[in-house]
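Visitor: Sharing a structure here in structure tokens format.
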Amino acid sequence: MFKSSTEEIPEARSVPRHIAIIMDGNGRWAKQRFLPRMAGHKRGVEAVRKVVRACGERGVEYLTLFAFSSENWRRPAEEVSFLMRLFVLALEQEVSQLHENGIRFKVIGDLSRFEPELAGLIRGAEELTANNRRLTLTVAANYGGRWDILQAVRRMLAQRPELASCFSESDLAPYFALSYAPEPDLFIRTGGEQRISNFVLWQLAYAELYFTNILWPDFDAAALEHAIASYQRRERRFGRTSEQLPEHPEFASQRELTG
Ligand code: IPE
Ligand code: IPE
Ligand code: MG
């Protein structure tokens, strides 16, 4: 199990272990070029390819990408079905390459609403890459942070009904869709909006937030580097004072004093 940021200070690393990204701005990217929104989504897949490669090279261990929210079904039917086809196509084209590169592929979200073909491809890709450990790439599809919290509580109570009257954070933690990953260290949203849009809610408790106006199809390795550099300039205190942090020079002497 990974450390909970509200209980302990997670291990500090200069490169974030887990980056979670809201890939936003495909539609505006296309509109600026007088192209249909779909053209932006297609280019968005190319940006995914670049960022996955850059994260692998940079030593990021977990990359979680928000591809389709539980609210995105409300878009025009034509756009929704295009996005579903694009997902199928991307899986067909990319999975063997991911596997060759040692990437474990996962999808989080409610898959029950997807066509059987897409759900089957997802399951196949997850099984094929299950033992890879260089980078875990998670795609959040038909995902919502609130859905995740509710499904976790429901599954926990179904398995452990004795917890109904009282349960703790650590009782619930194993049931979240992202339970196999440490909490995100760095959250990035492209496209200029500064909101979470029902992405992972629980696990972002102490993530560093980074917003950029770059539209997702233009996001690349250099843009990722900027985000990581911003992350490296921050002091993550988890509710404590600077002097209490393990990397602070006073930490060792404080510990001796307090025992
Ligand atoms: C993000 O880009 C992709 C999805 C939500 C599927 P958008 O399609 O939201 O692009 P904008 O925000 O309209 O520019
Ligand atoms: C968030 O983007 C979801 C994804 C990137 C998949 P949206 O474009 O759906 O978010 P809002 O509607 O602007 O908040
Ligand atoms: Mg958007």
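Visitor: Working only within segment 90-108, note down all residues that are over 13 Å from LEU135 (Cα atoms) and touching a residue at least 40 places away in the same chain (Cβ under 8 Å).
Guide: The answer is ALA90, GLU94, ILE108.
Visitor: Could I ask something else about it? Scan segment 182-240 for residues that are within 16 Å of ligand 3 (Cβ to nearest atom), of a type outside the set (A, V, I, L, M, F, W, C) and closer than 17 Å to ALA54 by Cβ and report the count.
Guide: Looking only at that region, the number is 4.
Visitor: Yes or no: ALA177 open to solvent by less than 70 Å² (accessible area, probe 1.4 Å), assigned to a strand (DSSP E or B) and in contact with a helix residue (DSSP H, G or I) (Cβ under 8 Å, 6 or more places away or on another chain)?
Guide: Spelling it out, it is not the case that ALA177 is open to solvent by less than 70 Å² (accessible area, probe 1.4 Å), assigned to a strand (DSSP E or B) and in contact with a helix residue (DSSP H, G or I) (Cβ under 8 Å, 6 or more places away or on another chain).
Visitor: Here is a follow-up. In the set ARG104, ARG113, which member is out of contact with any Cys (no Cβ under 8 Å at 6 or more places or on another chain) and either open to solvent by 70 Å² or more (accessible area, probe 1.4 Å) or among the hydroxyl-bearing types (Ser, Thr, Tyr) (or both)?
Guide: ARG113
Visitor: Can you find, within segment 23-37, the residue that is nearest to ALA141 (Cα to Cα) among those that are over 23 Å from the mean Cα position of the chain (by Cα) and open to solvent by 40 Å² or more (accessible area, probe 1.4 Å)?
Guide: ARG37
Visitor: Restricted to segment 3-23, and to residues that are closer than 21 Å to ARG104 by Cβ and touching a helix residue (DSSP H, G or I) at 6+ places or on another chain (Cβ under 8 Å), which residue is nearest to ligand 3 (Cβ to nearest atom)?
Guide: MET23
Visitor: Among the residues in segment 210-222, are any closer than 26 Å to GLU94 by Cα, more than 15 Å from ligand 2 (Cβ to nearest atom) and of a type outside the set (D, E, K, R)?
Guide: Looking through segment 210-222, at least one residue is closer than 26 Å to GLU94 by Cα, more than 15 Å from ligand 2 (Cβ to nearest atom) and of a type outside the set (D, E, K, R).
Visitor: Related question: Does GLU92 satisfy the criteria of being away from ligand 3 (no atom under 14 Å from the Cβ), among the acidic types (Asp, Glu) and part of a helix (DSSP H, G or I)?
Guide: So GLU92 passes the test.
Visitor: Right, another one. Name the pairs: first residue in segment 109-133 and over 20 Å from GLN93 (Cβ atoms), second residue loosely packed, with under 14 Cβ neighbours inside 10 Å and of a type outside the set (Asp, Glu), Cβ to Cβ under 6 Å, at least 6 apart or on different chains?
Guide: As it stands, the answer is none, since no pair meets every condition given.
Visitor: Can you work out which of the residues in segment 56-76 that are among the aromatic types (Phe, Trp, Tyr), within 17 Å of the chain's Cα centre (by Cα) and within 16 Å of ligand 2 (Cβ to nearest atom) is surrounded by the fewest Cβ atoms within 10 Å (Cβ to Cβ)?
Guide: Applying the filter and picking the extreme gives PHE68.
Visitor: Can you find a residue in segment 211-233 that is assigned to a strand (DSSP E or B) and either modelled with pLDDT of 95 or more or over 17 Å from the mean Cα position of the chain (by Cα) (or both)?
Guide: yes
Visitor: Tell me yes or no: at least one residue of segment 159-174 is surrounded by 13 or more Cβ atoms within 10 Å (Cβ to Cβ), touching a residue at least 12 places away in the same chain (Cβ under 8 Å) and in a loop (DSSP other than H, G, I, E, B).
Guide: No, because not a single residue in segment 159-174 is surrounded by 13 or more Cβ atoms within 10 Å (Cβ to Cβ), touching a residue at least 12 places away in the same chain (Cβ under 8 Å) and in a loop (DSSP other than H, G, I, E, B).
Visitor: So is SER14 over 20 Å from the mean Cα position of the chain (by Cα) and either free of Cβ contacts under 8 Å to residues at least 60 places away in the same chain or part of a loop (DSSP other than H, G, I, E, B) (or both) or not?
Guide: Taking the combined requirement at face value, the residue does not satisfy it.
Visitor: Same structure again: Are any residues in segment 195-230 surrounded by 17 or more Cβ atoms within 10 Å (Cβ to Cβ), closer than 18 Å to PHE176 by Cβ and out of contact with any strand residue (DSSP E or B) (no Cβ under 9 Å at 6 or more places or on another chain), and if so, which ones?
Guide: TRP202, TYR206
The values are calculated or read from the model by the stated rules, or taken from the named source; none is laboratory data. This structure is a prediction, so every number in the text was calculated from the model and none was measured. Methodologically, a virtual Cβ is constructed for each residue, glycine included, from the backbone with ideal geometry; neighbour enumeration extends over all protein chains shown. For accessibility, only protein heavy atoms count, side chains too; no ligands or nucleic acids. Shrake-Rupley method; radii C 1.70, N 1.55, O 1.52, S 1.80 Å.
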